[in-house]
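> Here it is: the structure, laid out below.
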Amino acid sequence: MTTQTELFKEARGSMKDTQFMSAGEKQKVLRQWRVFLNSGLSKNNFTKALYDHLIQHCSFIAHYDRQGFYSTYFEEGEDAVHFLSQFDNRNGIPNSIEYGMVGWYTAPDYNDINSEMCRIATKYIPALVEKCQHRQREKDILRATSLLAKHGLTATKTS
């Protein structure tokens, strides 16, 4: 479990002011990113500033609004795993999951914050992926059971 002090520590390296985002705003988003990941992708911790950064500087489309974005990427475990893959740089620079390009990561104005988001996410991704996969399995089984029941059938467990 991450301590409160770790959640709010400053990012490694310095953030640069850019035309559309100050260094202070970048630090704020990084703190919120760490809190969001640490919370297990809790909706309560998916802030407007984090959403705005994702859609403006990380090559995600808006999905209408913050609620739409959250439901697209975090209500289903497999979608959350897909989202997290964009921030998993253990195998090199990750592609944007929506556009397939690396510009979101390499753009000079946002490389500082986006590479730091990946560095932070690396600590959380393995446990989050495991949690999301488990949650997806449980949802899938519940759906399958409900569908079978709708047609008067039951599932039998096999080993």
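> Within the set of pairs 6+ apart or on separate chains, which have a first residue in the stretch 3-27 that is assigned to a loop (DSSP other than H, G, I, E, B), a second that is among the basic types (Lys, Arg) and at pLDDT 95 or above, and C-beta atoms under 6 Å apart?
If the second residue must be among the basic types (Lys, Arg) and at pLDDT 95 or above, the pairs left are Phe8/Arg31; Met15/Lys26.
> Something else about it: Within the stretch 14-26, how many residues are of a type outside the set (Asp, Glu) and crowded, with 17+ Cβ neighbours inside 10 Å?
Total satisfying the criteria: 4.
> Conditions: (1) touching a Pro at 6+ places or on another chain (Cβ under 9 Å); (2) part of a helix (DSSP H, G or I). Tyr73 meets all but one. Number of the miss?
That leaves (1) as the condition not met.
> Inspect the stretch 60-69 for any residue being in contact (Cβ under 8 Å) with a residue 12 or more places away in the chain and within 25 Å of Asp140 (Cα to Cα) and give the result as yes or no.
Yes, the conditions are met somewhere in the stretch 60-69.
> Next question. Filter the stretch 53-94 down to residues that are on the phi > 0 side of the Ramachandran plot and touching a helix residue (DSSP H, G or I) at 6+ places or on another chain (Cβ under 7 Å) and give me whichever is surrounded by the most Cβ atoms within 10 Å (Cβ to Cβ).
Here the residue is Ser59.
> Every residue in the stretch 123-148 that is touching a residue at least 24 places away in the same chain (Cβ under 8 Å) and either among the aromatic types (Phe, Trp, Tyr) or surrounded by fewer than 12 Cβ atoms within 10 Å (Cβ to Cβ) (or both), please.
Tyr124, His134
The values are calculated or read from the model by the stated rules, or taken from the named source; none is laboratory data. Note that the coordinates shown come from a computational prediction; the quantities given were computed from them, not determined experimentally. Cβ coordinates were reconstructed from backbone atoms using ideal geometry, including for glycine residues, and neighbour counts include every protein chain displayed.
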